[in-house]
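One structure is given here, and the rest of the page talks about it.
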Amino acid sequence: MIFIGRMGAQIGVSQSMGKGEPEAAKRFAQNSFAMSLILGISFTGLLLIFSRQVLGFFDLEPDVALQARQYLVATSFALPFIFAHQVISGVFIGFGNTKIPFYINSLGLAINIAITPLFVFTFGWGITGAGIATVVATIVNLALKIWAIKWYKGRPFEDYRIFAKIDGTSVRQIFIWGAPIGLESALFTILFMFVTRLISDFGTGALAAQRVGSQVESLAWMMAGGFSSALTAFMGQNFGAKKYGRMRKAYKLSILVMGSYGAFVGIVLFVFAAPLVGIFLDEPDYISMGVEYLRVFALTQLLFCMEEVAAGSFRGRGLTYKPTIVSVTCNILRVAMAYVMVFVFDFGLIGIWIGIAISVTIRSSWMIIWYKINQAKRLPKYDEEIEQPVEV
């Protein structure tokens, strides 16, 4: 749900600024903030009510389940602030300023890292202290972003209001843009819970290997996600301004850049899998599981990075439902493939990695091909070829 407001703000601001309509951009920005704050508070309430049921799904050991619930309850209070500050990030990115969100997010992360040991060890609050540290850092993050959007000299709007009057038309459009992405994110989390439950059957080492492997793999997906977000803003602005030729050129260049980066990361993950996992794990069996994870997923990095270019390009044009269709379908396939590899082909833990990798490859290929076809049909090659808005 966190992406509903953020992507609504990002797409609304970028397209409106491209059209030369700053007041419309401001309406999208203000209404996205109010909408996200309400969603964040609602989601916090749901987590507090159903925290036991959510964690009970994983069938954890009693002491682990207790600590997990303590952490979940503590961090749930950060959600309204996270929802809100993500919207402001989307506003700045949609406006074309990616530096401010980066600087503030980096500072918030540094604060979280700095105060966590203090709360956990010095104050003796344990795992709850780690959750409280996250809440504090998130509040600071939001406060700084509110300052930036209201008083920073490079702010998008002169008179941005945090609690503006709700505009029904803007809210509906934000929901149309953001709901598919929110649904995609929510279903991914729910479906991956089933995969995580399957991984847990192979023991704590398997969960540790998956956790470490995914963190190392973030070398690709964090960069690709950030690039995709910036590309969404670029495409939105140029779509609003009817600069279709620039959109085509940007897509080609982005595919080249992210494809090269994905290939590089894939090689690094495959060749240096053991030393990378060894940074975080010291048990030989655990390291072996982590190495298998990285080497399987190393083969997906090239297409995955290119997929994010296609997804960001779709979203910049307001076609957010198309990446959602691809993602949801392939995430369902991800669960099915994991179970088939384990229970039908009896591949064991590595079967889970292989099943997920196959689904990622199908998803990436589908997204790239679909955007290429859609671009060929819907976007003229040159700006001057069209006088009316493109029908999408």
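Ratio to report: Rg/Rh of segment 268-392, with Cα atoms as the point set and Rh obtained by the Kirkwood method; give two decimals.
Radius of gyration over Kirkwood radius for segment 268-392 works out to 1.14.
When the helices in the chain are scored as -39500 (n - 2.57) per DSSP H run of 4 or longer and the sum is shared across all residues, what 222 nm value do you end up with, to the nearest 500 deg cm²/dmol?
-28000 deg cm²/dmol
Suppose every Lys and Arg Cβ carries +1 and every Asp and Glu Cβ carries -1, with no other charges. What dipole size does segment 124-267 come out with about its Cα centre, to the nearest 20 debye?
Magnitude of the dipole: close to 740 debye.
If you roll a 1.4 Å probe over the heavy atoms of the protein chains, what accessible area per residue do you get for the chain, in Å²?
48
Sort largest first and round to whole Å: the equivalent ellipsoid semi-axes of segment 1-158, each the square root of five times a Cα gyration tensor eigenvalue.
Each semi-axis is √(5λ); the values are 34, 19, 10 Å.
Alpha carbon centre of segment 43-113 versus segment 264-341: separation in Å?
22
Choose one answer from Q67, Q375, Q86: the residue with the largest mean-square fluctuation in a GNM of the chain with alpha-carbon springs under 10 Å.
Highest fluctuation among the options: Q67.
Tell me, how many Å apart are the Cα centres for segment 193-238 and for segment 6-33?
28
Which residue, A137, I352, G8, has the largest displacement toward the positive end of the dipole of the chain when charges sit on each Cβ (Lys, Arg +1; Asp, Glu -1)?
Going by the Cα projections, it comes out as G8.
Can you compute the charge dipole magnitude of segment 195-353 about its Cα centre, using +1 on each Lys and Arg Cβ and -1 on each Asp and Glu Cβ, nothing else charged? Give it in debye, rounded to the nearest 20.
1380
Looking at the chain, I'd like the Rg to Rh ratio, where Rg is from alpha-carbon atoms and Rh is Kirkwood's inverse mean 1/r.
0.97
On a full-extension model of 0.36 nm per residue, what is the gain between F194 and I38, subtracting their alpha-carbon distance, rounded to one decimal in nm?
Contour length minus Cα-Cα distance gives 53.3 nm.
Run through every distinct alpha carbon pair of segment 69-125 and return the Kirkwood hydrodynamic radius in angstroms, one decimal place.
Answer for segment 69-125: a Kirkwood hydrodynamic radius of 13.1 Å.
Show D282, D167, D59 ordered by accessible area, largest first, where the area counts protein heavy atoms only and the probe is 1.4 Å.
These residues rank, largest area first, as D282, D59, D167.
Semi-axes, largest first, in whole Å: what does sqrt of 5 times each Cα gyration tensor eigenvalue give for segment 91-199?
The equivalent ellipsoid of segment 91-199 has semi-axes of 30, 25, 13 Å.
Between K26, K252, K322, where does the largest GNM mean-square fluctuation fall for the chain, given springs only between Cα atoms within less than 10 Å?
For the chain, modelled as a Gaussian network with Cα springs under 10 Å, the answer is K252.
Roughly how much of D346 is accessible, in Å² to the nearest 10, using a 1.4 Å probe?
Roll a 1.4 Å probe over it and D346 shows about 120 Å².
If the cut-off is 24 Å between C-alpha atoms, which lysines fall inside it for K377, apart from same-chain ones fewer than 8 positions away?
K19, K242, K243, K249, K252, K322
In square angstrom, rounded to the nearest 10, how much accessible surface does I139 have for a 1.4 Å probe?
I139 exposes around 80 Å² with every protein chain in place.
Stokes-Einstein D for segment 184-323 at 4 °C, 1.567 mPa s, Kirkwood Rh over Cα pairs, in µm²/s?
The calculation lands on 79 µm²/s.
Out of Y103, C305, G316, whose Cα points farthest toward the positive end of the dipole of the chain (charges: +1 Lys, Arg; -1 Asp, Glu; placed on Cβ)?
G316
Placing +1 at every Lys and Arg Cβ and -1 at every Asp and Glu Cβ, with all other atoms neutral, what dipole size does the chain have around its Cα centre, in debye to the nearest 20?
In total the dipole reaches around 1500 debye.
Apply the Karplus parameterisation 6.51 cos²θ - 1.76 cosθ + 1.60, with θ equal to phi minus 60°, to every residue of segment 236-245 and state each ³J(HN,Hα) to the nearest whole Hz, in sequence, with x for glycine and proline.
Karplus-based 3J(HN,Hα) across segment 236-245 equals x, 5, 6, 5, x, 8, 6, 8, 6, x Hz.
With contacts defined as alpha carbon pairs under 8 Å and 6 or more residues apart, what's the relative contact order of the chain in percent?
20
Select from A241, A338, I325 the residue farthest towards the positive end of the dipole of the chain; place +1 on Cβ of Lys and Arg, -1 on Cβ of Asp and Glu, and compute about the Cα centre.
Positive-most Cα among the choices belongs to A241.
Sort all Cα-Cα distances of segment 1-93 into consecutive 5 angstrom bins from zero, then give the percent of pairs in each bin up to the one containing the longest distance.
Taking all Cα pairs of segment 1-93, the binned fractions are 3, 15, 20, 15, 12, 11, 9, 7, 5, 3, 1, 0 percent.
Over the Cα atoms of segment 171-213, each weighted equally, I'd like the Debye log10 I(q)/I(0) at q = 0.22, 0.29, 0.33 Å⁻¹, rounded to two decimals.
After summing over all Cα pairs, the log10 values are -0.72, -0.93, -1.01.
Inverting the mean 1/r over all pairs of different Cα atoms, compute the Kirkwood radius of segment 38-83 and quote it in Å.
Across segment 38-83, the inverse of the average 1/r is 10.9 Å.
Give me the one-decimal nm value for the distance between modelled label points at T204 and V64, 7 Å along each residue's Cα-to-Cβ direction.
0.7
The values are calculated or read from the model by the stated rules, or taken from the named source; none is laboratory data. Not measured: the values here are computed from a predicted model. Glycine also receives a Cβ, built like all others from the backbone with ideal geometry; neighbour counts cover every protein chain displayed. Calculation scope for accessible area: heavy atoms of the full protein, side chains included, ligands and nucleic acids excluded. Shrake-Rupley method; radii C 1.70, N 1.55, O 1.52, S 1.80 Å.
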